[in-house]
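Remarks on the structure that follows.
The values are calculated or read from the model by the stated rules, or taken from the named source; none is laboratory data. Keep in mind that this is a model prediction, so the values were computed, not measured. Heads up, the Cβs are rebuilt from the backbone with ideal geometry, glycines too, and the neighbour counts pull from every protein chain shown. Just so you know, the surface numbers come from the protein's heavy atoms only, side chains and all, with ligands and any DNA or RNA stripped out. Shrake-Rupley method; radii C 1.70, N 1.55, O 1.52, S 1.80 Å.
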Amino acid sequence: MVWHFCKASDKNKLERVNERGLRAVYCDYKSPYEELLKRAKLTTLYNRRLQNIAIFMYKIKCKLLPKTVIADLFTCPNHKYNLRNTDFSINSFITVYGKNSLRYFGRHFWSKLNSSIRLEPSVSVFKNKIRKLDLTHLT
């Protein structure tokens, strides 16, 4: 999850290291990266980071994380009304760097997830469903 907010060139380097590892494991130097991922039953590192952010936000929503500085960054609004998509309040940001932070991105990304997935009763069910999804289209 830490690597999600690094430079694009660093993200590409991580994907290339993953690709080289898969090529070495399968001794296949001609197949495309996507085919190697399918053979290994994996997703891209980018998609995996999005899945981890979704799991992290689920744990914060259900108060399953210990009281830490990171968990305190997210506030759940207390409304007496049943409003749509109000698991977290999304604050505005002052600089461009604020948009590339877990505090903003996590809330924004959580609001884009399907409500049927967000309302899962347990972490294990949520993890199983989220690991099967390609979340790259939500960003």
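Looking only at region 16-51, which residues are surrounded by fewer than 14 Cβ atoms within 10 Å (Cβ to Cβ) and within 18 Å of the chain's Cα centre (by Cα)? Selection gives 42 alone.
So that you can scan it fast, the table gives a plain yes or no per residue for (1) part of a loop (DSSP other than H, G, I, E, B); (2) on the phi < 0 side of the Ramachandran plot; (3) in contact (Cβ under 8 Å) with a residue 60 or more places away in the chain:
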position: 106; (1), (2), (3): no, yes, no
position: 111; (1), (2), (3): no, yes, no
position: 121; (1), (2), (3): yes, yes, no
position: 126; (1), (2), (3): no, yes, yes
position: 129; (1), (2), (3): no, yes, no
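The sole residue among 49, 39 that is in a helix (DSSP H, G or I) and either at pLDDT below 90 or more than 23 Å from residue 7 (Cα to Cα) (or both) is 39. Would a scan of region 95-110 turn up a residue that is at pLDDT below 65 and either of a type in the set (A, V, I, L, M) or surrounded by 11 or more Cβ atoms within 10 Å (Cβ to Cβ) (or both)? Within region 95-110 (the criterion being at pLDDT below 65 and either of a type in the set (A, V, I, L, M) or surrounded by 11 or more Cβ atoms within 10 Å (Cβ to Cβ) (or both)), the answer is yes, since at least one residue qualifies. Checked against the criterion of being of a type in the set (D, E, K, R), open to solvent by less than 40 Å² (accessible area, probe 1.4 Å), at pLDDT 80 or above and in a loop (DSSP other than H, G, I, E, B), region 56-78 has no qualifying residue. Candidates are the residues of region 4-15 that are in contact with a helix residue (DSSP H, G or I) (Cβ under 9 Å, 6 or more places away or on another chain) and assigned to a helix (DSSP H, G or I); the one that is most open to solvent (accessible area, probe 1.4 Å) is 5.
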